Amino acid sequence: MADEVKKAVDQAENLYGNASSMHGLGREAETVIEIARKQVASLIGCEKGRIVFNSGASESNNTVFNIFRDRIDDKVDGRDRIVTTTIEHPSIIETVKYLKKKGYKIDECPVDKTGRVDMDVMKSLMGSDVALVSVMTGNNEVGTIQPVAEIAKMAHACGAYMHSDATQAIGKIPVDMEGWGVDYLSLSGHKFYGPKGVGVLAIGKGVPYCPFLHGGHQEGGFRAGTYNTADIVGIGVAAELAGKNLKDEHDRLWKMREMLRTGLTAAIPDVVVNGSAKPEEVLPGTLDMSFPCAEGESILLYLDLDGIEVSTGSACASGSLEPSYVLLACGLPVELAHGSIRFSLGRYNTEDDVRYVIEKMPPIIKRIRKMSTRKLPE
Amino acid sequence: MSEQQSFMANWVYTPTVKEHFMHPHHLWDEDEDKDWKPDGVGEVGSLACGDQMRVGIKVKGDKIVDLKWLTYGCASAIASTSMMSDMAIGMTLDQAYHITPTSITNALGGLPEHKFHCSVLGDKALRAAIDDYLKKNNLPNTFQNSIARIICECKNVTDMQIEELVKSGKAKTLEDLQRLTNYGTGCGKCKAKVQDLFEDFKHIYNK
């Protein structure tokens with residue numbers, strides 16, 4: 001969490017009044033919440049009245065799918081199909097699995113090897129029976145950015161609504177909900193140095209809505225539950241900070257990412273870079289690589305011992321026996337998915353950190369490969 | 001990221017696991033050990049689940065006098081095989097054949113529950129190496145049936161039988177297994193257990 005955010009959250013903890021109450025303390029809380037609403041709205045390109053605060057993007061995503069589940073059940077307009085992709089966040093992937101089991105029609109559009117939606121297939125999936133199209137803005141593993149505006153245009157052309165989970169993209173690239181023609185947009189606070197457990201569902205004007213949580217008039221009746229004043233203030237401050245430095249931060253992260261990519265590729269033989277190579281198609285701080293013949297959890301833990309924290313797509317780190325579904329959806333062979341490492345560079349990383357990784361990583365890979373039953377081709 | 005942190009306190013693994021992971025014992029260094037000729041070699045595991053293990057043993061009389069191993073695997077797999085190597089060297093073939101995943105994980109001070117799976121490869125690879133040694137030397141393999149547990153009491157089907165049928169490829173499906181052993185055709189209580197074992201062995205032997 002950013003220092004400025006932490007300070008704002010701590011201060012807001014003193015605003016004990018319930019923002020829904022009419023007394024003075026309550027009014028004070030309401031005022032700071034409305035400021036936060038404005039701050040978030042200006043970061044994502046919508047009016048402040050479109051912002052609904054909640055517990056995070058998982059709730060936002062579930063809310064949107066629930067709205068369309070209802071509409072399909074109620075046969076509002078005869079549309080009964082949802083289109084999404086194979087690389088969405090688990091809060092959509094699992095919701096889709098659940099709904100499919102219940103008999104709902106859902107198509108998951110495949111992606112190419114860089115993780116970008118196959119637009120020809122996407123086009124073929126459109127139709128007058130489509131109720132909702134849901135495509136994430138940027139992927140959490142490979143960092144690939146989707147052509148959301150273009151897909152929104154296709155969705156609207158066939159009369160469907162457009163949702164995008166922008167959680168990973170917020171604060172990394174400009175997000176323009178209205179400009180892109182997105183009807184519903186999800187985000188979480190902690191992805192841009194805001195507090196955990198607070199997020200937003202932004203809802204376009206005049207689009208279908210039904211609360212996911214019933215039982216209160218908060219958020220204009222859009223989401224029941226007592227206001228989490230302090231964290232809402234925090235997400236507002238985080239949004240303002242993210243908006244302020246967006247361009248510079250993007251360029252700084254991309255420079256470090258490229259430094260890391262070229263440094264590791266030069267120092268380690270047989271490395272595979274996952275995702276797209278085009279700067280306009282990748283979240284700037286994300287770098288996903290596979291190291292053939294080396295298993296991801298081992299890499300992760302050896303790096304951890306050197307104070308370097310990364311993620312892996314290996315099954316061994318997931319608790320299941322399945323490697324990353326995102327990497328498999330990109331067509332990566334199982335072994336490369338097991339041997340994948342994702343570096344996430346952020347606001348508090350420096351070029352010194354990158355140099356440190358480039359120094360520490362090659363001997364680790366060499367060592368793991370030496371003890372491996374798998375051998376690189378001579 | 002470059003900031004050094006205290007890992008001991010909140011590492012997912014015990015200090016013993018960590019120690020074996022950082023400094024694995026009896027690794028098979030294919031450069032330095034290129035003149036090291038094992039008497040028996042066993043390989044198990046699959047890339048589908050992300051781990052694979054190769055164990056080589058040297059045998060004198062009825063004792064394992066040396067053991068080396070390689071793995072494509074996670075920290076649990078590395079640590080449990082390293083621990084297994086410490087345990088097995090000096091053991092008789094009989095003793096080594098009866099090393100269980102539980103005895104390895106206990107020696108490691110425990111593994112997270114979902115990682116237990118990773119420790120079943122070391123002992124399996126060791127057993128495969130012993131099998132290989134006995135076969136190469138035309139010696140009778142009396143161990144194979146000695147560690148069998150009865151899984152289906154009605155039809156007297158053991159875990160070893162299930163393992164062997166999966167390993168040999170004779171039982172590709174549960175239906176095959178039932179046809180070959182008649183498991184579960186009595187009281188039927190064993191069905192879930194057989195199914196679990198079947199899946200485990202398929203996984204272990206990459207079938």
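The values are calculated or read from the model by the stated rules, or taken from the named source; none is laboratory data. It should be emphasised that the depicted structure is a prediction, and the values quoted were computed from it without experimental measurement. Note that each Cβ is placed from the backbone with ideal geometry, even for glycine, and that neighbours are counted across all protein chains shown.
Among the numbered criteria (1) surrounded by 23 or more Cβ atoms within 10 Å (Cβ to Cβ); (2) closer than 20 Å to A:H214 by Cβ; (3) not small (G, A, S), which one does A:D74 miss?
(1)
Within the stretch A:262-272, is even one residue under 27 Å from A:D3 (Cβ atoms) and surrounded by 17 or more Cβ atoms within 10 Å (Cβ to Cβ)?
No, there is no match, as no residue in the stretch A:262-272 is under 27 Å from A:D3 (Cβ atoms) and surrounded by 17 or more Cβ atoms within 10 Å (Cβ to Cβ).
In this structure, does A:A238 turn out to be in the same structural domain as A:V76 (by TED's automatic domain parsing) and surrounded by fewer than 15 Cβ atoms within 10 Å (Cβ to Cβ)?
Here the answer is no, as A:A238 does not meet what is asked.
For the stretch A:83-110, enumerate the residues that are closer than 24 Å to A:L336 by Cβ, in contact with a helix residue (DSSP H, G or I) (Cβ under 6 Å, 6 or more places away or on another chain) and of a type in the set (A, V, I, L, M).
Across the stretch A:83-110, the qualifying residue is only A:I87.
Given the condition touching a strand residue (DSSP E or B) at 6+ places or on another chain (Cβ under 6 Å) and over 22 Å from B:I104 (Cβ atoms), answer yes or no: does some residue in the stretch B:133-141 qualify?
Looking for residues that are touching a strand residue (DSSP E or B) at 6+ places or on another chain (Cβ under 6 Å) and over 22 Å from B:I104 (Cβ atoms), one finds none in the stretch B:133-141, hence no.
Is there any pair with a first residue in the stretch A:274-287 that is in the same structural domain as A:A337 (by TED's automatic domain parsing) and a second that is buried (at least 23 other Cβ atoms within 10 Å of the Cβ) and aromatic (F, W, Y) whose Cβ atoms are under 8 Å apart and which are 6 or more apart or on different chains, and what are they?
A:T286/A:F343; A:L287/A:F343
Quick one: which residue in A:P362, A:P292 is within 30 Å of A:E249 (Cβ to Cβ) and more than 7 Å from chain B (Cβ to nearest Cβ)?
A:P362
The rows are residues; the columns are (1) assigned by TED's automatic domain parsing to the domain that holds A:A239; (2) of a type in the set (V, I, T); (3) farther than 19 Å from A:S91 by Cβ; (4) touching a residue at least 60 places away in the same chain (Cβ under 8 Å).
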residue	(1), (2), (3), (4)
A:K123	yes, no, yes, no
A:G138	yes, no, no, yes
A:G159	yes, no, yes, yes
A:M162	yes, no, no, no
A:I170	yes, yes, no, yes
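Assigned to a helix (DSSP H, G or I) and either of a type in the set (S, T, Y) or free of Cβ contacts under 8 Å to residues at least 40 places away in the same chain (or both): is that true of A:S58 in this structure?
Yes, satisfied.
Scan the stretch B:49-63 for residues that are away from every other protein chain (no Cβ under 14 Å) and either among the acidic types (D, E) or part of a strand (DSSP E or B) (or both) and report the count.
Number of matching residues: 6.
Here is a yes/no grid of residues against (1) within 14 Å of chain A (Cβ to nearest Cβ); (2) without any contact (Cβ under 8 Å) to a residue 60 or more places away in the chain; (3) of a type in the set (A, V, I, L, M, F, W, C); (4) within 18 Å of B:E32 (Cβ to Cβ):
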| position | (1), (2), (3), (4) |
| --- | --- |
| B:W69 | yes, yes, yes, yes |
| B:S85 | yes, no, no, yes |
| B:A88 | no, yes, yes, no |
| B:T92 | no, yes, no, no |
| B:Y97 | no, yes, no, no |
| B:I104 | no, yes, yes, no |
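Go through the stretch A:319-352 and count every residue that is facing chain B (nearest Cβ under 8 Å), of a type in the set (D, E) and either touching a residue at least 24 places away in the same chain (Cβ under 8 Å) or part of a loop (DSSP other than H, G, I, E, B) (or both).
1
With respect to B:T142, determine if the residue is more than 19 Å from B:Q95 (Cα to Cα) and without any contact (Cβ under 8 Å) to a residue 40 or more places away in the chain.
Considered against the rule, which asks whether it is more than 19 Å from B:Q95 (Cα to Cα) and without any contact (Cβ under 8 Å) to a residue 40 or more places away in the chain, B:T142 comes out as no.
Go through the stretch B:101-140 and report how many residues are modelled with pLDDT of 85 or more and over 20 Å from B:P15 (Cβ atoms).
Number satisfying all stated conditions: 18.
Test of understanding: among A:K191, A:K205, which residue is surrounded by fewer than 24 Cβ atoms within 10 Å (Cβ to Cβ) and under 14 Å from the mean Cα position of the chain (by Cα)?
Only one candidate passes the filter, namely A:K191.
Among the residues of the stretch A:214-273, what is the count of those that are more than 29 Å from A:V64 (Cα to Cα) and assigned to a helix (DSSP H, G or I)?
So the count comes out to 22.
When A:A19 is evaluated against the numbered criteria (1) hydrophobic (A, V, I, L, M, F, W, C); (2) over 14 Å from A:P195 (Cα atoms); (3) assigned to a helix (DSSP H, G or I), which criterion, by number, is the only one it fails?
(3)
Would you point out the residue of the stretch A:365-378, among those that are within 22 Å of B:C74 (Cα to Cα), outside any helix (DSSP H, G or I) and charged (D, E, K, R), that is nearest to the other protein chains (Cβ to nearest Cβ)?
My answer is A:R374.
Among the residues of the stretch A:94-101, is there at least one that is touching a Ser or Thr at 6+ places or on another chain (Cβ under 7 Å), in a helix (DSSP H, G or I), crowded, with 18+ Cβ neighbours inside 10 Å and at pLDDT 95 or above?
Scanning the stretch A:94-101, I find at least one residue that is touching a Ser or Thr at 6+ places or on another chain (Cβ under 7 Å), in a helix (DSSP H, G or I), crowded, with 18+ Cβ neighbours inside 10 Å and at pLDDT 95 or above, so the answer is yes.
Could you please give the count of residues in the stretch B:64-94 that are assigned to a loop (DSSP other than H, G, I, E, B) and modelled with pLDDT under 90?
The number of residues fulfilling the criteria is 2.
Can you tell me which residue in the stretch B:33-48 is farthest from B:G122 (Cα to Cα), limited to those that are at the interface with chain A (Cβ under 10 Å from one of its Cβ atoms) and surrounded by fewer than 23 Cβ atoms within 10 Å (Cβ to Cβ)?
Only one residue tops the list, namely B:A48.
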